[in-house]
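Before any comments, here is the structure.
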Amino acid sequence: MPSAYSVLFVLALINLLNYLDRFVLSAVLPWIERDFALSGFESGLLGSTFMLLHLAASPLTGYLGDRTSRKRLIAAGIFLWSLATVGSGLVSSYRGLLVMRAVVGIGEASYAVVAPAMIADLFSEERRGRMLALFYLAIPVGTALGYVVGGAIGEHYGWRAAFFVAGAPGLVAAAAALVLPEPPRGLADEETGEVPPKTARAAWSRVARSPVWWYDTLGTALVTFTLGALAFWMPTFLIRHHGSRGDVMGWQLGGILLLAGLTATPLGGALGDRRARRREGGHLEVSAMALFAGAPLIALIPATTRLSTTIVLSFACLFLLGLTIGPINAVLVSCVPARVRATAVALNLVVVHLLGDAVSPWLVGWVSDSIGLPRAIALTAIPVALGGLLLARGAQQVNRRHAGLRYVRS
């Protein structure tokens, strides 16, 4: 049987393809806007449609992930989203592209809720922040590849070819997922004696009774609002307001995202685990401090006229926000019993995306139609600051009310 680290590596590699397929759209958006004559609202709706279907499918895939073969669920999701990514390059209308992005969202829902639960079964609670940080390195790496692939292929061969290149590897990865071993649920946890819920409603109710889950989820939703807007609109911002070529833009954004992700994500996981060994709310404290530092920098990004300054500020923001990825996800998979872990992740995704990046791309696009894209981007600093306040408040509550106890007992 492969080691836990081998399984983690394969899951992270698949997650990389997940984000590559997700963000190749952002890199080629200027060409799609030109071909289909889209407004900012219509362009943003492409990103929001993906997220709305993603969150709509998540409760079902979370319920299935706690009860059925997880590797088969993963394989089916990979195949579906990869096929739809390739199909995005074949559409002849804006409406057809909306449908393809919706299908991508449905396919990715199965993987997003199941993989973190499997990783939590492989590693003890004391190590989950670091292990999940390694898994979520795929976010900056995959997103960076989406920008690089989309920008380079789109510039030289057209936006349709970019979707073909991005989607094809996933069809192979779907077959590879079928050979993954499935760790027993709760393998790395102490036995709590809790009986698994018999119905989906009972599982949802058990998750909702965890106050830590609510603090973590709502704080993450506010951060995700901004991250979703920036990830979707920054390529267009650089091309439109700094005159970057598509291929150059891909390397600019992809490079800083990759560097920030490779450094901040594992560092945040290690800092969160270290802090949590001393204080129960340590993971939330690390995340809150990073958000407080990052919010004002986001507001400054559109105010600069020099491209080099914009790149430096963007890197600093991505680094600080990247510090939160490991800690907030460690809290998420540790605040409920193992038997409802996939359900907890699924419900988290519903709330996070519904309040976050399901609405932020089109909302920022709509605002940009009135006040311009730079000012619309600057306003996204506000949710980050509010998210920091919420996570800090959550950490205070956890430290005061649950000192010395595990999240799952709260």
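The values are calculated or read from the model by the stated rules, or taken from the named source; none is laboratory data. Note that the structure is a prediction, hence the values are computed from the model and not measured. Because the Cβ atoms are built from the backbone with ideal geometry, glycine has one as well, and the counts that use them run over all protein chains shown. Remember, those area values only see protein heavy atoms, side chains included, never the ligands or the DNA or RNA. Shrake-Rupley method; radii C 1.70, N 1.55, O 1.52, S 1.80 Å.
The distance between label points at Leu60 and Thr309 comes to 5.0 nm (points 7 Å beyond Cα on the Cα→Cβ vector). Full extension of the chain between Ala202 and Arg400 gives 68.4 nm of extra length, using 0.36 nm per residue less the Cα-Cα distance. Available extension along the chain between Arg95 and Ala168 is 24.0 nm, counting 0.36 nm per residue and deducting the alpha carbon span.
So what's the gap between the Cα centers of the range 7-24 and the range 202-239, to the nearest angstrom? Going from one Cα centre to the other spans 19 Å.
For the pair the range 137-171 / the range 29-70, the C-alpha centres are spaced 17 Å from each other. Let me know the shape class of the range 69-160, please: from the alpha-carbon gyration tensor, a ≥ b ≥ c as square roots of the eigenvalues, rounded when a/c is under 1.5, otherwise prolate if a/b is greater than b/c, or oblate. Taking the square roots of the gyration eigenvalues as a ≥ b ≥ c, the range 69-160 is oblate. Express the Stokes-Einstein translational diffusion coefficient of the range 280-410 in µm² s⁻¹, to the nearest whole number, given a Kirkwood radius over alpha-carbon pairs, 25 °C and a viscosity of 0.890 mPa s. Translational D for this selection: 150 µm²/s.
In this structure the range 248-399 gives 36 Å² per residue of accessible area when probed at 1.4 Å with all protein chains present. Membrane-span-like helices in the chain, defined here as complete DSSP H runs extending at least 20 Å along the helix axis by their C-alpha atoms with mean Kyte-Doolittle hydropathy no lower than 0.5, are 4-36, 40-65, 70-88, 94-122, 138-157, 159-177, 211-242, 282-300, 307-322, 341-355; this is a sequence and geometry rule, not a statement about a membrane. The convex hull of the Cα atoms of the range 100-150, projected and averaged over all directions, covers 4.2 nm².
With Rg and the Kirkwood Rh both taken from Cα atoms, where does Rg over Rh land for the chain?
On the way: Rg = 20.0 Å, Rh = 20.9 Å.
Rg/Rh for the chain comes to 0.95.
Using a 1.4 angstrom probe on heavy atoms only, work out the carbon and sulfur share of the accessible area of the chain in %.
Carbon and sulfur atoms account for 67 percent of the accessible area of the chain.
Take the range 100-146 with all the other protein chains still there, run a 1.4 Å probe, and you get 19 Å² of accessible area per residue.
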